[in-house]
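The block underneath contains the structure these notes are about, expressed in structure tokens.
The values are calculated or read from the model by the stated rules, or taken from the named source; none is laboratory data. Keep in mind the model is a prediction, meaning the values are calculated, not measured. Neighbour counts are summed over all protein chains in view; Cβ atoms, including those assigned to glycine, are modelled from backbone coordinates with ideal geometry. These area figures cover heavy atoms from the full protein model, side chains too; ligands, DNA and RNA do not enter into them. Shrake-Rupley method; radii C 1.70, N 1.55, O 1.52, S 1.80 Å.
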Amino acid sequence: MGGIRRIEVDVGKGGRLEFVPSKIMEPVGTVVRFNFDPKNHTVTESSFDNPCQPIEGGFSSGFIPIQSSPSGVTFDYTIVDDKPKWFYCGQGTHCQSGMVGSINAP
């Protein structure tokens, strides 16, 4: 059969500074679709040691300013290996306020 395995993640839904779900456990090849809600958010790869700093060569949506919900604006990341990945929102102090998440973290 064909098809793509995909999981949906809400970004800032209801004005909350969070990713839902924030902990993702999925196999290689899964598409993680980030659905953006109002305000200005990012999905930016980081590291466990520096959760609010981008890593060189990591994935990033860039800033996505949204005015209304549902926006229909998405960012897709395909899981390419089984190594843990961490991500955060780079807008203002969103990361410091707890807007962080992980993919296949222990």
Unmatched cysteines, the chain - criterion: no other Cβ of a Cys under 4.7 angstrom: Cys89
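Nearest 5 percent is fine: what portion of the DSSP beta bridges confined to the chain is antiparallel? Spell out each step's value before the answer.
Numbers: 18 of 26 bridges.
Within the chain, antiparallel bridges account for around 70 percent of the total.
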Estimated vicinal HN-Hα couplings, Hz - region 15-31 in sequence order (Karplus 6.51, -1.76, 1.60; Gly, Pro = x): x, 7, 8, 7, 9, 10, x, 9, 10, 10, 10, 9, x, 4, x, 5, 8
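Grab the beta carbon distance between Gln96 and Glu56, set R0 = 30 Å, and tell me the FRET efficiency rounded to 0.05.
Numbers: r = 21 Å, r/R0 = 0.71.
Calculated transfer efficiency: 0.90.
With a 1.4 Å probe and all protein chains left in place, how much of the accessible area of the chain comes from carbon and sulfur atoms, in whole percent? Provide the component values of the computation, followed by the final result.
On the way: 3180 of 6060 Å².
Whole-percent figure for carbon plus sulfur exposure: 52.
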Amide H contacts of Ile24 (H built 1.01 Å from N, under 5 Å, at least 5 apart or other chain): Ser102, Ile103, Asn104, Ala105
Heavy-atom SASA rank of His41, His94 (probe 1.4 Å, accessible area, largest first): His94, His41
Amide hydrogen neighbours beyond the local backbone of Thr78, cut-off 5 Å, H modeled: Val32
Most mobile of Asp81, Asp37, Asp49 in a GNM of the chain (Cα contacts under 10 Å): Asp49
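When the chain is fully extended, how far beyond the present Cα-Cα distance does Val20 get from Arg6, taking 0.36 nm per residue of separation?
Numbers: separation 14, 0.36 × 14 = 5.04 nm, distance 1.44 nm.
My answer for the length gained is 3.6 nm.
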